[in-house]
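Here is the structure we will look at.
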Amino acid sequence: MVARIRSHYLVYFVSTFAAITGLLFGYDTGVISGALLFIRKDFHLTSMMAGVTVSAVLFGAFLGSAVSGKMTDEIGRRKALIIVSFIFIIGTLMTAIAPNNLFLIVGRAVLGMAIGIGSFTAPLYLAEIAPPKIRGFLVSLNQLAITIGIILAYLIDYLFAVHGDWRWMLGFGVVPAVILYVGTFFLPESPRWMVLKGMLSAAEENLKSIRATEDVTRELTEIKQSIQEKRGTWRMLFSKRLRPIMYISLGLAFFQQVTGINTIIYYAPTILQQAGFSEAATAILATLAIGIFNVVFTVIALPLIDRWGRRPLLLMGLIGMFISLAAQSTGFYFPELVYLRWLTVGSMIFYIACFAMSLGPIMWLVISEIFPLQIRGVGISVAVSCCWAFNMLVAMTLLTLIDAVGISGTFWIYAALCVLGALFVYFLVPETKGCSLEQIENNLRAGRAPRELGIGLRKKKLLPELGALEPEVEVATVD
Ligand code: BGC
């Protein structure tokens, strides 16, 4: 019984540390929004250079997530996380002491590498180590950690805004990075990776302590079997059979970014200043409120994703995001409007609520669900790097786009992309609610249309099998 309680805590301990990776992802991408107001002044940045400074992190993240599949297979998940936290520390310190903008850009790119590798490794590690029963929940928890990281960043931005201390804003990120670094030394290596490397007896020992039972023979056999299958390659991803999956995941990654979420996350204070909140600190405070709504609506979304399903939430979210962007662009079209700033804050909050309940968590969830096991690592790595590439595209073009077509025109572009996104979801994205991963894979093999990949036997078929592997099932009674 004691051993079971230990196992129960171990999974949560491990999750907490993996979640710190998500928190750093949120912090380091969000912190620039407030810091930028002061960095622009100190380093005399043009719109173009401000865009590059914001996007350097995204470029690094793109590279990091592209190499992460191979890296985590070579050195293991645990060592990859140790390296991630170390790079987080180095990158943060570089940005905090940057003597000029070029140094700052390089530091942000280094930080981005850590975010990119982390955004792939942490969920993978968690999925491999988590009991199947709570795996879905843990994936979405990562998004929650991202939103908490963003809000922490806004809070720190607000606290240091009084004196314009952008170096402290960026430097504060070293605190969670050090906590992650220390924590990673206590993490167990993934037994699945150990089997992959032929360390069978060590894998068995690890699995026994993680599952807190001596009876791991069946799970170990399954791991061995899955590893014996021919491993997936990049080329396979574009085979006729897997193409629909690629379209769905790349499409979701595309629409998650090009519908403009990060124009708010990275640039909200800049936009709010243009809407009439002229004081930097007030603009950052209004941004903080937006961050709070992001966290709150992510929490509300978590249980609804499995109850209402992915598709209804995605469709409702995209329609809501369209309405909010249309309201913002109309507002900016009449700059003399007395209530412009309140209209802007109100519609930004509505937008963030809609995003947090749809594309925010569901993009990450669906890409982790629809790839067949054999190709899951490579598939997720490609989808995640494309997500970072689209993110970079939006961040780099925003300020230049605003200079060219104005804020109003820019928001109309994002609004139009929301409509396209809703059509994409309606015609192509499958409802995977309650459907076992195995069934999704069978549907794919049977050549079903993309939208029908989640049709068929729901999870009951798989559960009796998993139950036997699942020592955590009885944990609730221990408490
Ligand atoms: C997105 C990020 C975004 C964040 C906002 C994530 O799912 O990938 O680009 O900044 O959500 O909460």
With angles folded into 0 to 90 degrees, how steeply does helix 47-75 sit against the dominant principal axis of the chain? Use alpha carbons for both and round to 10. 10
Could you sort the peptides 440-450, 46-56 by per-residue average Cβ neighbour count (10 Å cutoff), highest mean leading? 46-56, 440-450
Roughly how far apart, in whole Å, are the Cα centres of region 385-418 and region 47-73? 18
Residues PHE103 and ARG445, FRET efficiency given R0 of 45 Å [Cβ-Cβ distance, rounded to 0.05]: 0.30
Can you list residues from other chains, or at least 5 along the same chain, whose modelled amide H is less than 5 Å from the amide H of GLU189? none
Here region 169-183 yields Karplus 3J(HN,Hα) values (6.51, -1.76, 1.60; θ = phi - 60°; whole Hz; Gly and Pro given as x) of 4, 5, x, 4, x, 5, 5, x, 5, 5, 4, 4, 4, 5, x
If packing is taken as the mean number of other Cβ atoms within 10 Å per residue, what is the order of 356-367, 289-300, highest first? 356-367, 289-300
Probe 1.4 Å, protein heavy atoms only - accessible area per residue of the chain in square angstrom: 41
Percent accessible area from carbon and sulfur atoms, the chain, protein chains only, probe 1.4 Å: 68
Close Lys-Lys pairs in the chain, where close means Cα under 17 Å and separation is 8 or more or interchain: 14
Once every DSSP H run of n ≥ 4 in the chain is given -39500 (n - 2.57) and the sum is divided by its residues, what mean residue ellipticity at 222 nm do you get, rounded to the nearest 500 deg cm²/dmol? -27000 deg cm²/dmol
Proximal charge balance of MET48 [Cβ under 13 Å; K/R count +1, D/E count -1]: 0
Per residue of region 22-39, what does 6.51 cos²θ - 1.76 cosθ + 1.60 with θ = phi - 60° give for ³J(HN,Hα)? Whole Hz please, x for Gly and Pro, Karplus curve as stated. x, 4, 5, 4, x, 4, 6, 7, x, 5, 5, 4, x, 4, 4, 4, 8, 4
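The values are calculated or read from the model by the stated rules, or taken from the named source; none is laboratory data. None of these values were measured; they are calculated from a predicted model. For neighbour counting, all protein chains shown are included, and Cβ atoms are generated from backbone atoms with ideal geometry for every residue, glycine included. What goes into the accessible areas is simple: the full protein's heavy atoms, side chains included, and nothing from ligands, DNA or RNA. Shrake-Rupley method; radii C 1.70, N 1.55, O 1.52, S 1.80 Å.
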